[in-house]
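The structure under discussion appears below in the form of structure tokens.
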Amino acid sequence: MARMVRKQIYLEPHQEQRLKTLSRLLQVSEAELIRRALDLYLRQALEERERQEAWQRLKAFAEWWMSQGPVPGGRTWTREELYEERLRWPRK
């Protein structure tokens, strides 16, 4: 087992009761449950941060693209033409 670092935490009474109950049900220590919960929280927090950063990059790209203005010469297609073409595609 890896070297452990001791941390002291304070729990609300309802958290302590739920921790004890789950510890008994799963037959693992309370410390193990706290480590698992912390791992899960940290992983989810990191994933959320990565999603937010990706969204900001996408938003910046969209804003840059829109700032370029209309395409010279305008569109060469209409919405109706796109739908007509889509209806001709082979269905799978």
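Numbers for the structure displayed
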| read-out | value |
| --- | --- |
| Pair list, Cβ < 6 Å and 6+ apart or interchain, from segment 21-43 residues that are at negative phi and among the hydroxyl-bearing types (Ser, Thr, Tyr) to residues that are surrounded by 11 or more Cβ atoms within 10 Å (Cβ to Cβ) and at pLDDT 95 or above | Ser23/Glu30; Ser23/Leu33 |
| Residue in segment 37-60 that is hydroxyl-bearing (Ser, Thr, Tyr) and either surrounded by 10 or more Cβ atoms within 10 Å (Cβ to Cβ) or part of a loop (DSSP other than H, G, I, E, B) (or both) present | yes |
| Residue match in segment 6-18 (condition: exposed (fewer than 10 other Cβ atoms within 10 Å of the Cβ), part of a helix (DSSP H, G or I) and out of contact with any helix residue (DSSP H, G or I) (no Cβ under 8 Å at 6 or more places or on another chain)) | yes |
| From Ser29, Ser67, residue being exposed (fewer than 10 other Cβ atoms within 10 Å of the Cβ) and among the small types (Gly, Ala, Ser) | Ser67 |
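The values are calculated or read from the model by the stated rules, or taken from the named source; none is laboratory data. Worth saying up front: this structure is predicted, and the values here are computed from it rather than measured. As a convention, Cβ positions derive from the backbone with ideal geometry for all residues, glycine included, and neighbour counts pool all protein chains shown.
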